[in-house]
1. Taking into account only those residues within segment 88-106 that are touching a Phe, Trp or Tyr at 6+ places or on another chain (Cβ under 8 Å) and part of a loop (DSSP other than H, G, I, E, B), which is modelled with the highest pLDDT?
2. Considering only residues that are within 16 Å of R70 (Cβ to Cβ) and open to solvent by 60 Å² or more (accessible area, probe 1.4 Å), which ones fall in segment 153-168?
3. Anything in segment 53-78 that is under 12 Å from the mean Cα position of the chain (by Cα) and at pLDDT 85 or above? List them, or say none.
4. Are there any pairs with C-beta distances below 9 angstrom linking a residue in segment 62-77 that is under 14 Å from D98 (Cβ atoms) and part of a helix (DSSP H, G or I) to a residue that is among the basic types (K, R) and at pLDDT 90 or above, with the two at least 6 apart or on different chains, and if so which?
5. Only residues that are exposed (fewer than 15 other Cβ atoms within 10 Å of the Cβ) and either among the basic types (K, R) or closer than 24 Å to C52 by Cβ (or both): list them for segment 134-152, please.
6. Look at segment 115-147 and say how many of its residues are farther than 15 Å from F176 by Cα and assigned to a helix (DSSP H, G or I).
7. Could you list all residues from segment 107-133 that are at pLDDT 85 or above, open to solvent by 40 Å² or more (accessible area, probe 1.4 Å) and among the aliphatic types (A, V, I, L, M)?
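The values are calculated or read from the model by the stated rules, or taken from the named source; none is laboratory data. Here the structure is a predicted model, which means the values were calculated and not measured. All Cβ positions, glycine included, derive from the backbone under ideal geometry; neighbour counts span all protein chains shown. Heads up: the accessible areas ignore ligands, DNA and RNA and are worked out on the full protein's heavy atoms, side chains in. Shrake-Rupley method; radii C 1.70, N 1.55, O 1.52, S 1.80 Å.
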Amino acid sequence: ANSATEEVTTPSTPNLEEVINTNMSSQKGIFEERWSMRYKQLQSYYEKHGDCLVSCPKGGTLGRWVKTQRKEYKDWKSGRHSNMTHRRAQLLVRLNFDWSPMSSGATYQKKKTWHAMFNELIEYKKINGHYHVQKNHDQRLYNWVHDQRNELKAMKKKETTTMNNERKRKLDKISFDWTLKESTGCKLQSVWEGNMA
């Protein structure tokens, strides 16, 4: 073949704008994928609990994501830069998403549960002589007590939390130990021995 008559094609080099647009498009795809994954997790939570009141400390990554959605929605509604979209807001509304749970009646059931657990803690002390619930004795109450400590930490950091001044006062009134760690086995042992004497 005659090389002079053959057309030589070289691959075109994309310009900088094309590269940036492609990268931004793939990043948007990744962010949308992550959002969809968290939304599916929230759907599962909603199906199990009947609400979207995932707390930050207890809810981990999902709790932080829920808190972020509330902030993004607030920014979006006030015209500030936000990753919230009309479509995302509609999807969250389908799950009866509460945009400001601390100021609405949506937390009524959680409040009722909190008071029931508080009363269980008081009963626990009547029986055991202390509030130091052990994991192997009552897992549910142990988790609740642990959650109260985490919720107070969140409250101090001004994060979304179920802790409020009224609850803190109630727990303070019964001498709730906010700093107890599991490693305080010696303290628990001495309490136990004191009750057995």
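1. L95
2. K157, K158, E159
3. T61, L62, G63, R64, W65, V66, K67, T68, Q69, R70
4. Hits for this filter: V66/R38; Q69/R38; Q69/R88; Y73/R88; K74/R80.
5. Once the filter is applied, which keeps residues that are exposed (fewer than 15 other Cβ atoms within 10 Å of the Cβ) and either among the basic types (K, R) or closer than 24 Å to C52 by Cβ (or both), segment 134-152 yields K135, R140, N143.
6. So the count comes out to 4.
7. I122, I127
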